[in-house]
1. Of the conditions (1) hydroxyl-bearing (Ser, Thr, Tyr); (2) part of a helix (DSSP H, G or I); (3) farther than 13 Å from THR62 by Cα; (4) open to solvent by 40 Å² or more (accessible area, probe 1.4 Å), SER137 clears all except one; give me its number.
2. Take the residues of segment 113-134 that are open to solvent by less than 30 Å² (accessible area, probe 1.4 Å) and without any contact (Cβ under 8 Å) to a residue 40 or more places away in the chain: which is farthest from PRO202 (Cα to Cα)?
3. Is there a residue in segment 80-88 that is open to solvent by 60 Å² or more (accessible area, probe 1.4 Å), in contact (Cβ under 8 Å) with a residue 60 or more places away in the chain and in contact with a helix residue (DSSP H, G or I) (Cβ under 7 Å, 6 or more places away or on another chain)?
4. Please tell me if VAL149 is part of a helix (DSSP H, G or I), under 15 Å from the mean Cα position of the chain (by Cα), within 26 Å of PRO40 (Cα to Cα) and touching a residue at least 40 places away in the same chain (Cβ under 8 Å).
5. Here are some residues: ILE173, ILE182. Which one is open to solvent by 50 Å² or more (accessible area, probe 1.4 Å), among the hydrophobic types (A, V, I, L, M, F, W, C) and in a helix (DSSP H, G or I)?
6. Could you list, ordered by first residue, the pairs with Cβ atoms under 6 Å in which the first is in segment 35-58 and closer than 18 Å to MET158 by Cα and the second is open to solvent by 50 Å² or more (accessible area, probe 1.4 Å) and modelled with pLDDT of 90 or more, at least 6 apart or interchain?
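The values are calculated or read from the model by the stated rules, or taken from the named source; none is laboratory data. Just so we're clear, the structure is a prediction, and the values are computed from it rather than from any experiment. We place every Cβ from the backbone using ideal geometry, glycine too, and count neighbours over all the protein chains shown. The accessibility values were calculated without ligands, DNA or RNA, using every heavy atom of the protein model including side chains. Shrake-Rupley method; radii C 1.70, N 1.55, O 1.52, S 1.80 Å.
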Amino acid sequence: ESRDWSSDVCSSDLNLMKDDEPDKVADKEIKYVEYLKLLPKILKDNNKFAHMVAGFTFCTVTNVSLAFYTLYAIRTYHAAATEIAVFTSITVLVNIFASMFLGVMADKFGHKYVLQVSALCGLTAGIIVIGITGIFSVYLAFILTTFCVCGYNLSSSMLIIQEAPREELTMYISTNILITQIISSIVLLLSGYIIDKFSFQPIFLLTIIT
């Protein structure tokens, strides 16, 4: 009698999961309000993690410029639809290449090195888009900033995993996401206002500074 191979696979997976060591979790349930109250304590008790979050915040602020390159190309260089489509293609290709390249780099040199290279790419992107004119300079800055985002996404959580106690790992990761995303969202909104009132240059300068 024939057997359903998919059932065999599912059974094997379940058996493997049973053999795995269960994740360590907090001893007591923490409500959302209590969790928010714990944030200052987490940062205070672990100075290394607090410095890490501060560095990650600067990195996410640097990446804010990624949201405005397309608009910059349209307003400054009157980019056509075909030229705007290039940005989407760049995003896909850079993500594919960066995932492989940065993964190998992280295995060989460590995740801290990946973040340093990513930060350098973000800095270079700001210099290029300010110092060089033409649509191709915007493409190059977009490539470097996308590379920077890939590096941050790959290595930031891995560094936290190495630093945080296992039973508090999810809390450490969520704390970093909460802080960095709130600040980057505020900076993003302010950037849109500054661009409308003044120009793109202050935003690109912010990219260089951070």
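1. For SER137, the exception is condition (4).
2. So the first thing to find is which residues in segment 113-134 are open to solvent by less than 30 Å² (accessible area, probe 1.4 Å), and the list is 114-115, 118, 121-122, 125-126, 128-129, 134.
Pick out the ones that are also without any contact (Cβ under 8 Å) to a residue 40 or more places away in the chain and you get 121, 128.
Details: CYS121: 18, ILE128: 14 Å.
Here the answer is CYS121.
3. Pass one, segment 80-88, residues open to solvent by 60 Å² or more (accessible area, probe 1.4 Å): 81-83, 88.
Next, only the ones that are in contact (Cβ under 8 Å) with a residue 60 or more places away in the chain stay: none.
No; the residues of segment 80-88 include none that is open to solvent by 60 Å² or more (accessible area, probe 1.4 Å), in contact (Cβ under 8 Å) with a residue 60 or more places away in the chain and in contact with a helix residue (DSSP H, G or I) (Cβ under 7 Å, 6 or more places away or on another chain).
4. Numbers: part of a helix (DSSP H, G or I): yes; under 15 Å from the mean Cα position of the chain (by Cα): yes; within 26 Å of PRO40 (Cα to Cα): no; touching a residue at least 40 places away in the same chain (Cβ under 8 Å): yes.
For VAL149, the condition - part of a helix (DSSP H, G or I), under 15 Å from the mean Cα position of the chain (by Cα), within 26 Å of PRO40 (Cα to Cα) and touching a residue at least 40 places away in the same chain (Cβ under 8 Å) - is not met.
5. Numbers: ILE173 fails: open to solvent by 50 Å² or more (accessible area, probe 1.4 Å).
Unique residue meeting the criteria: ILE182.
6. Going by the 6 Å Cβ cut-off, the qualifying pairs are THR57/ILE183.
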